[in-house]
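The structure appears right after this line, and notes come after that.
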Amino acid sequence: MATQRICFAQVSDVHLMPETGCRCWWMSDSPRHQLEAAVAHLNQVPDLHFVVFTGDLVDQADPQSFELFQEILAQLRVPYYLSLGNHDIDTLGREGRFNREQFIRWCQRQFPLPLAPTGYVDYSLSPLPGIRLIALDASLGQFPLPQGVLRPSQLHWLGEHLQAVPEEWLILLIHQPPFISPTHMDAVLFRKYRLRSEQAAALHTLLADHGRVVAVLSGHLHVPRVYVQDGIPYLTAPPLVGPVSALRVFELDVNPRRGILRYHWVHLPEPGPRPLWHGLVMGVRRDRWGQIPLRAKGARSLPAVAQ
Ligand SMILES: [Fe+2]
Ligand SMILES: [Fe+2]
């Protein structure tokens, strides 16, 4: 049974601003510099197939920052795909900020965007044979409210769509994490940031029914987390803009029955001292590197993928 090797990267929470000097003291002083450094690094990663950005591409949903983002990403040598974060749109009609429609048009200038008929920034495409990339829009739109929400129409579309691609391994992008970790502290700290629990449970059921999930990739917390529930990996990314600036690189070996997902983070140090509490937001070791076995539904008795 042929094994396919895929290399991809996740960058999250760039919070790009046109000028240097961020609104939060714990953010990088120059998100632009961090994004340029990320692109330069990614261009050196051997056999990289594509890059995904999991939201908060810019900080204030302003057109100037989106233009700058596109200008910097023009230097990236591989395809990239974007998903929406709560800092990327404002649906209250305030001047100088993208709404959903403007965000969609901007994305369409950079890659084909096969939108779902949900009214949100949900889409599905296949970046490589056998691999399905789906992005879900869980942002409220009332800039910058952090709570994650999935509407019934989105869950309904996802359920139907997954039935149409039963053989493909799924990478799901959703800015607000459905699950973070089993710790009580995370539950308390991030209650208003994650996806609402009943919607996370409904999403999890759909993914478990599909049975071939590489990873659910999120951002938003600015703290890396890796959590596996019922064999489905939920990975929340380190942020590019800080407090600890990093991105993740993945290596996936997969065949129709099984796979293994290896991940490591790449720290992109910033100039100047950072506060001591950065150590607290680096996560534990498994949040920074590790590997997760993947198994298609009903594949228990088959041999593992060669490592
Ligand atoms: Fe963010
Ligand atoms: Fe966010």
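The set of residues in the range 41-61 that are in contact with a Lys or Arg (Cβ under 6 Å, 6 or more places away or on another chain) and either at negative phi or acidic (Asp, Glu) (or both) contains only 43. For the range 52-67, the count of residues that are more than 16 Å from ligand 1 (Cβ to nearest atom), under 29 Å from residue 192 (Cα atoms) and β-branched (Val, Ile, Thr) is zero.
Conditions (1) touching a strand residue (DSSP E or B) at 6+ places or on another chain (Cβ under 6 Å); (2) away from ligand 1 (no atom under 16 Å from the Cβ); (3) over 24 Å from residue 154 (Cβ atoms); (4) at pLDDT 95 or above, marked per residue:
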residue: 84; (1), (2), (3), (4): yes, no, no, yes
residue: 92; (1), (2), (3), (4): no, yes, no, no
residue: 95; (1), (2), (3), (4): no, yes, yes, no
residue: 101; (1), (2), (3), (4): no, yes, no, yes
residue: 114; (1), (2), (3), (4): yes, yes, no, yes
residue: 119; (1), (2), (3), (4): no, yes, no, yes
residue: 124; (1), (2), (3), (4): yes, yes, no, yes
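Among the residues of the range 42-80, those identified as among the aromatic types (Phe, Trp, Tyr) and closer than 23 Å to residue 143 by Cβ are 53, 66, 69. Among residues of the range 24-45 that are over 11 Å from residue 240 (Cα atoms) and of a type outside the set (Phe, Trp, Tyr), those with a Cβ under 6 angstrom from a residue that is part of a loop (DSSP other than H, G, I, E, B) and at pLDDT 90 or above, sequence gap 6+ or separate chain, pair up as 39/75; 39/76; 43/77.
Every condition in (1) out of contact with any Phe, Trp or Tyr (no Cβ under 6 Å at 6 or more places or on another chain); (2) surrounded by 18 or more Cβ atoms within 10 Å (Cβ to Cβ); (3) in a loop (DSSP other than H, G, I, E, B); (4) among the hydrophobic types (A, V, I, L, M, F, W, C) is met by residue 35 except one, and the failing one is (3). Looking at the range 245-301, which of the residues that are more than 18 Å from the chain's Cα centre (by Cα) and of a type in the set (Asp, Glu) is modelled with the highest pLDDT? Filtering the range 245-301 for residues that are more than 18 Å from the chain's Cα centre (by Cα) and of a type in the set (Asp, Glu), the one modelled with the highest pLDDT comes out as 253.
Restricting the range 63-90 to residues that are crowded, with 20+ Cβ neighbours inside 10 Å and assigned to a loop (DSSP other than H, G, I, E, B), the residue that is farthest from ligand 2 (Cβ to nearest atom) is 90. Kindly indicate whether any position in the range 91-114 is touching a helix residue (DSSP H, G or I) at 6+ places or on another chain (Cβ under 8 Å), of a type in the set (A, V, I, L, M) and within 16 Å of ligand 2 (Cβ to nearest atom). No: the range 91-114 contains no residue that is touching a helix residue (DSSP H, G or I) at 6+ places or on another chain (Cβ under 8 Å), of a type in the set (A, V, I, L, M) and within 16 Å of ligand 2 (Cβ to nearest atom).
Just so you know, in the range 146-174 the residues that are touching a strand residue (DSSP E or B) at 6+ places or on another chain (Cβ under 8 Å) and either within 15 Å of ligand 2 (Cβ to nearest atom) or assigned to a helix (DSSP H, G or I) (or both) include one that is farthest from residue 235 (Cα to Cα), and it is 161. Residues in the range 49-61 that are away from ligand 2 (no atom under 16 Å from the Cβ) and part of a loop (DSSP other than H, G, I, E, B): 49 alone. Evaluated against (1) at pLDDT below 95; (2) within 14 Å of ligand 2 (Cβ to nearest atom); (3) touching a Pro at 6+ places or on another chain (Cβ under 7 Å), residue 236 falls short on exactly one condition, (1).
Being basic (Lys, Arg), out of contact with any strand residue (DSSP E or B) (no Cβ under 6 Å at 6 or more places or on another chain), within 16 Å of ligand 2 (Cβ to nearest atom) and closer than 25 Å to residue 27 by Cα holds for only one residue in 191, 196, and it is 191.
Please verify whether residue 124 is of a type in the set (Gly, Ala, Ser), touching a residue at least 24 places away in the same chain (Cβ under 8 Å) and out of contact with any Lys or Arg (no Cβ under 9 Å at 6 or more places or on another chain), treating the condition exactly as stated. In short, no.
Looking across the range 121-143, just one residue is assigned to a loop (DSSP other than H, G, I, E, B), away from ligand 2 (no atom under 16 Å from the Cβ) and within 18 Å of residue 195 (Cα to Cα), and that is 122.
The values are calculated or read from the model by the stated rules, or taken from the named source; none is laboratory data. Nothing here was measured: the structure is a model prediction, and the numbers come from that model. Quick reminder, even Gly has a Cβ in these numbers, built from the backbone with ideal geometry, and neighbours come from all protein chains shown.
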